[in-house]
Amino acid sequence: MREKPSVSEQLMLAKSDPVNRLTWGYVIALAIIGLMSVGIHFTINRIVAEQDNVSTIVGKSAGQMGLAQRVALDATLYVHDRDHATHEALVKSVRELNDLHRLLIKSGLNDVREFSKAPETLVQVYFDPPYSLNDKIVNFLYRAQSLIDKKPQAVSPQEDDYRALMQQIDGTLGAALEAALSAYEGAVMYKISRLQSLQRIAIGVILLTLLFEALLIFRPLVSRVHEYAEELKRMTMTDLLTGIGNRRFFTMRGE
């Protein structure tokens with residue numbers, strides 16, 4: 001009596017079995033398609049999240065520009081009216097601009113640190129010439145705070161802090177704020193474009209997997225099924241002992 005095949009022999013038989021190979025190939029192809037589909041799903045979610053991030057960060061950067069203009073407007077009203085209401089309005093706008101600037105430095109820049117090229121542009125706008133936005137904002141807030149700290153009688157349109165404030169908002173500070181806004185947009189859009197590239201690669205992998213599955217799995221599988229069907233047909237049409245046509249064979253030939 002023949003002994004039971006060893007484990008290695010069973011593995012060799014399994015590997016030599018064409019049906020087993022086709023089955024494993026089909027399972028692997030489905031696994032690749034499933035993984036790529038999940039990857040595309042998460043990539044789309046990341047793209048949507050980054051688009052939300054675009055609107056949030058860009059909105060904050062645009063708000064910084066609007067607040068700087070509001071500080072200049074409140075300062076103008078204060079130096080002309082010099083009353084309590086315009087003083088409080090200037091205090092409020094200066095505080096809001098300071099808080100927003102700190103928020104953008106702390107969170108806005110950190111949110112885009114993971115980029116490779118885009119964040120360098122953003123950091124340069126904030127800390128390097130010719131824009132040096134951080135220094136300009138700090139100096140702008142310092143001038144506005146100096147106006148706030150002065151007695152109303154000492155405030156006038158000819159006062160040095162007010163004139164410096166207006167020169168900054170009309171000149172280099174405005175240009176630096178616009179550059180920061182563009183840099184934020186570029187930084188986040190850069191990441192979105194990378195995610196979209198990953199999405200296109202995943203779709204390409206799925207299409208290639210489907211193509212190879214059709215050529216290397218389904219086509220051989222259909223051919224083998226056709227061969228098995230022909231073999232079964234031949235077996236039903238011939239006598240197993242003599243190999244000549246049986247009654248079914250002669251009946252079909254007769255028809």
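The values are calculated or read from the model by the stated rules, or taken from the named source; none is laboratory data. Please read all numbers here as calculations on a predicted model, not as lab measurements. Note that we place each Cβ from the backbone using ideal geometry, even for glycine, and neighbour counts take in every protein chain shown. What goes into the accessible areas is simple: the full protein's heavy atoms, side chains included, and nothing from ligands, DNA or RNA. Shrake-Rupley method; radii C 1.70, N 1.55, O 1.52, S 1.80 Å.
Where the accessible area of the stretch 70-110 is counted over protein heavy atoms with a 1.4 Å probe, how much of it, in %, is carbon and sulfur?
Its accessible area is 55 percent carbon and sulfur atoms.
Towards the positive end of the charge dipole of the stretch 112-255, with charges on Cβ (+1 Lys, Arg; -1 Asp, Glu), say which of TYR228, PRO130, LEU215 has the farthest Cα.
TYR228
Separation between the ASP170 and LEU216 pseudo-spin-labels, each 7 Å from Cα along Cα→Cβ, expressed in nm?
The modelled label-to-label distance comes out at 7.1 nm.
What's the tally of Lys pairs in the stretch 72-225 whose alpha-carbon atoms lie under 18 angstrom apart, where the two lysines are 8 or more places apart or on different chains?
Final tally of qualifying lysine pairs is 4.
Skipping prolines and chain starts, which residues have an amide H placed within reach, meaning under 5 Å, of the one on THR238, given they are 5 or more residues away or on another chain?
Distant-sequence amide H within range of THR238: ASN246.
Sticking with the crude label model, points 7 Å out along Cα→Cβ, report the distance from TYR26 to ASP149 in nm, one decimal please.
Going by the 7 Å Cα→Cβ label model, 8.1 nm.
Just to check I understand the Karplus step: with θ = phi - 60° and J = 6.51 cos²θ - 1.76 cosθ + 1.60, what whole-Hz values come out for the stretch 201-218, glycine and proline as x?
5, 5, 5, x, 5, 4, 5, 5, 4, 4, 5, 5, 5, 5, 7, 9, 10, 5
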